[in-house]
Amino acid sequence: MKNIFYKKLTIIGIFIIFLGAAIVPSISGYDNKTKIEQLIESPTGEPLDYDFVNAYWKFDGCTGNTVEDSSSHNYHGTLYGGTWISGGYEGCGLEFDGIDDYVDFTDHVKELAVNKTDDYIINFKFKSASTTNYGIILSYTGYKNIPEFKIELQPNGSILLRIWTGLCGIVLYSGEGHNDGEWHDVDIIFSGITTDPTVWIYVDNNLDGQLTHWLCDIENTDFLEAAIGRRASEETGYFEGVLDEFKFIKYDGGNEQLPPDISGPVDGDPGAELDFTFITDDPEGDEVYIKINWGDGEISDWLGPYDSGEEAIVSHSWDNEGAYFIKAKSMDFWDDSYWTSDVNAYEVKIGNQAPSKPIITGPGYGDPDQELTYSFRSDDYENQDLYYIVDWDDGTTTETGSYPANTPVQLTHSWDSEGDYFITAQAFDIYDKSSGASDPLWIRIGDQPPRKPDIDGPINAPAGEAINFMFSVLDPEDDQVSFNIKWGDGDEIEETELYDSEDIVTITHTWTKTGKYIVEARAKDIFGYWGNWQSFEIKIPRNKAINSYNLIELLFERFPNAFPILRYFLAY
């Protein structure tokens, strides 16, 4: 959802650049549709100064008693107390002592305060180790603190958003523990609507709180004072910690538009008119327009207006065979949505469809003149029989007979010379329509397996303690390798991730019972060629605490074949 808001705000920015200097907030009939199209497609005069970044306090002044706004609005604040520090989140930061430090923005409270139907994002970076204070980070207050808007750090490290009108409000807490003395990146996202707004709290890009709740009407003109670092109207709630990079993005009166739902036929013939249905539910019940990308290079004009929830039936035809993905976006007077995502695009197949690209499976290595068997499989939308042409990458190809779609076809082949080869294949239907070349299967003729791994670790360890082992292996051809490790107690790592040849890989294991265990490891290259096993013995002694740093153990590890009698009595 956070990404939806950012995409929406980006689109809004583009929308406003072309929108012109003034718009009457109402839509009715075709004339308004035409007006919107003209305003969007043809710039009229200078762009609006309002760019939706309402304020941006970077705290990079590093000195003085003015906190400068880096947006175009110059909503500067006056600093009382506070300490400029060089170790901010980016550049300088502003440290608050929790006693009497704050920044006053009352001169700009009407511009900074919010309405119930606004869409906005408040982003800031902070760190604090305070566990005793209720520290207010941002505050707007009205007469006798009605209404009140505040973002506050709680003693348990939770972040509170509270919007209170005197009769009703929104109260949302994030998770706890953010007063750990580390930097945290916070986003407060508010989706304004006339009924039940939704608010999200993200901390370090993770959703940490969400609420949809009724909110009484609230307007920016109801607020009288604004501050960062304490309650705006009185000397309470001082914040203790450091703030940096405080950004406020606001879209007045906004609501979140979503793309239309699309339904209709899933296939058809070239040139045939097909009807598709588009439905948009507007959050505020406004009339909406839709724009359609048919996936063939044609994008419609804005169509409408349509009532919220009304079925808009639009027809289209495609001249050429192929698979096409329909996308759409919606718009009310205030906002247009993002396009339908790639994942949710509506697919329609026109005419005969090409088979899918073949999937090739088989051995990744072999020897010269060795017959190797490979399997080829492709699907077909019309379920036609398919034949394959295989390129073995040695100057030879093989063409098969016809087989049912989605049926594995096995072929054998041998290569005369050592080297790397890339097998590719194409599938063809009964009309000779090609899938195009498959992804290549990389094989090696004359491949050499990795050597035996080196295993390094303690020869004695206590039960229940995580023990570090180091594994490394040389591959003769410097291929990447993975490891198969058996710990001797029934646990096994069937295959690790890939590592470079001769990398030292540290892996931990814990034995819960005493005894003698054999750790075994082998390595495999990227072609699937496993090398030989290497073994390593470790003892988990009985009834004795082991200090891994005592002298006896160090001697035994350094001289594994020495002191046989002492080893016997000590059970090493």
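List of remarks:
- Calculated SAXS-style log₁₀ I(q)/I(0) at q = 0.23, 0.25 Å⁻¹ - the stretch 169-265, Debye, Cα scatterers: -1.50, -1.49
- For Ala272, the amide hydrogen comes within under 5 Å of the amide hydrogens of Trp318, counting only partners 5 or more places away or on other chains and with H modelled in the peptide plane.
- Relative contact order of the stretch 261-350, taken over Cα pairs closer than 8 Å and 6 or more residues apart, is 34 percent.
- Over the stretch 257-298, relative contact order from alpha-carbon pairs under 8 Å, at least 6 apart, %: 39
- Pairs spanning more than 21 Å between alpha-carbon atoms, out of Lys58/Lys144; Lys110/Lys150; Lys58/Lys127; Lys250/Lys327; Lys116/Lys247: Lys58/Lys144; Lys250/Lys327.
Coordinate-derived values only; no laboratory data. Predicted model only: the values in this text are computed from it and were never measured.
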